[in-house]
Number of protein chains: 2
Amino acid sequence: MDTHTTDEAAVSSSPPVAEEETPWLTAKEQQFWRAHLEVSKLLDYQLGRELQPHCLASNDYEILVVLSEAPDRRMRMTDLATATLQSKSRLSHQITRMETAGLVLRQECPGDRRGLFAHLTEHGWQTMQKVAPDHVRSVREHFVDRLTPAQIDAMYAALAPIAEHLRTLRGRA
Amino acid sequence: MDTHTTDEAAVSSSPPVAEEETPWLTAKEQQFWRAHLEVSKLLDYQLGRELQPHCLASNDYEILVVLSEAPDRRMRMTDLATATLQSKSRLSHQITRMETAGLVLRQECPGDRRGLFAHLTEHGWQTMQKVAPDHVRSVREHFVDRLTPAQIDAMYAALAPIAEHLRTLRGRA
């Protein structure tokens, strides 16, 4: 849904100004690119749907996982925003919701003036433990188990350098 | 950031209730799954950033592309919500913003009671034509050109059946 193929550009009724120089995707590249976008979005949607019975959004679950893996199960809000690729204001709204649900707690750190920390509560930890088995089943059913071990190896080899490139751009390499 | 590895689960201080039956991801699967999540999110972020000088969000660009490919460059709002995997209320907010920017127009269809259509305006069409060359360069630079043709073929073969499975679940197969 995101770019033109060479063919589409060729039959376009009003060609873009820089068309002669534009490196349009080939039909194969376009097909791949759309499959990637579709899988990303639909998988996110489906996993989110399957978290709903647990009263969690995908983003909430991600926060629980990130905090559970942090030392002392807490993280500075700015670092949590970076780790979850959210703006600080959006994260702040999310943490407010999660605080109301008793999953996390926002606290100032004594002696640290660089702002607030988000802590995983015991309830948040228990929730993650309860949800994780269902979530991993969803990830397997809709994604991982639909790939062969060879495909998983090959795709990891392809994706890992791209992830690193994008992390560098994002300034957290 | 989304599931446990076998090892993590094994050392977990309070094991989940159903742990003995939970098909935790292996370390390789986990590594792949996180790379997939990271590339999806970071790529979306980076492409969005590079659309900003054009005063467009990623979602806006997607709407322009979908409408530009629809017959008469218009689509029923409900179909547009399905095509872009958004809730109707979220799409409605987005279309309101885009209408203010003169990119689309919401109109009732005479003789059709099944609701509103979103039309691409001439300004919306021109905008997409202007933005598309930059966008395709971004897609190449950060993703497609970082893969070999063989990797693109292999990943498409892996992703296409997953996309179809997820589309079926989403009820628009």
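The values are calculated or read from the model by the stated rules, or taken from the named source; none is laboratory data. Predicted model only: the values in this text are computed from it and were never measured. Positions of Cβ are generated from backbone atoms using ideal geometry, with glycine treated the same way; all protein chains shown enter the neighbour counts. Ligands, DNA and RNA are stripped out before the accessible areas are found, and what is left, the full protein with its side chains, is counted by its heavy atoms. Shrake-Rupley method; radii C 1.70, N 1.55, O 1.52, S 1.80 Å.
Somewhere in region A:146-167, is a residue part of a helix (DSSP H, G or I) and at pLDDT below 95?
Yes; the residues of region A:146-167 include at least one that is part of a helix (DSSP H, G or I) and at pLDDT below 95.
For the structure I just gave you, tell me whether B:A81 is of a type in the set (G, A, S), modelled with pLDDT under 95 and open to solvent by less than 20 Å² (accessible area, probe 1.4 Å).
yes
Only one residue in A:G111, A:G124, A:G102 is touching a residue at least 24 places away in the same chain (Cβ under 8 Å) and of a type in the set (G, A, S), so which one is that?
A:G124
Report, by residue number, each residue of region A:19-77 that is crowded, with 20+ Cβ neighbours inside 10 Å, of a type in the set (D, E) and within 9 Å of chain B (Cβ to nearest Cβ).
A:E29, A:E38, A:E62
All but one of (1) more than 8 Å from every other protein chain (Cβ to nearest Cβ); (2) in contact (Cβ under 8 Å) with a residue 60 or more places away in the chain; (3) surrounded by 18 or more Cβ atoms within 10 Å (Cβ to Cβ) hold for A:H142; state the number of the condition that does not hold.
(1)
For region A:86-97, state whether one or more residues are touching a residue at least 12 places away in the same chain (Cβ under 8 Å), away from chain B (no Cβ under 11 Å) and under 30 Å from B:F143 (Cβ atoms).
So far as region A:86-97 goes, yes, one or more of its residues are touching a residue at least 12 places away in the same chain (Cβ under 8 Å), away from chain B (no Cβ under 11 Å) and under 30 Å from B:F143 (Cβ atoms).
Please work out which one of (1) more than 22 Å from B:S40 (Cβ to Cβ); (2) assigned to a loop (DSSP other than H, G, I, E, B) is the condition A:R106 fails and give its number.
(2)
Within region A:91-131, which residues are open to solvent by 70 Å² or more (accessible area, probe 1.4 Å) and either touching a Gly at 6+ places or on another chain (Cβ under 8 Å) or of a type in the set (D, E, K, R) (or both)?
A:R97, A:E108, A:R113, A:R114, A:E122, A:H123, A:K130
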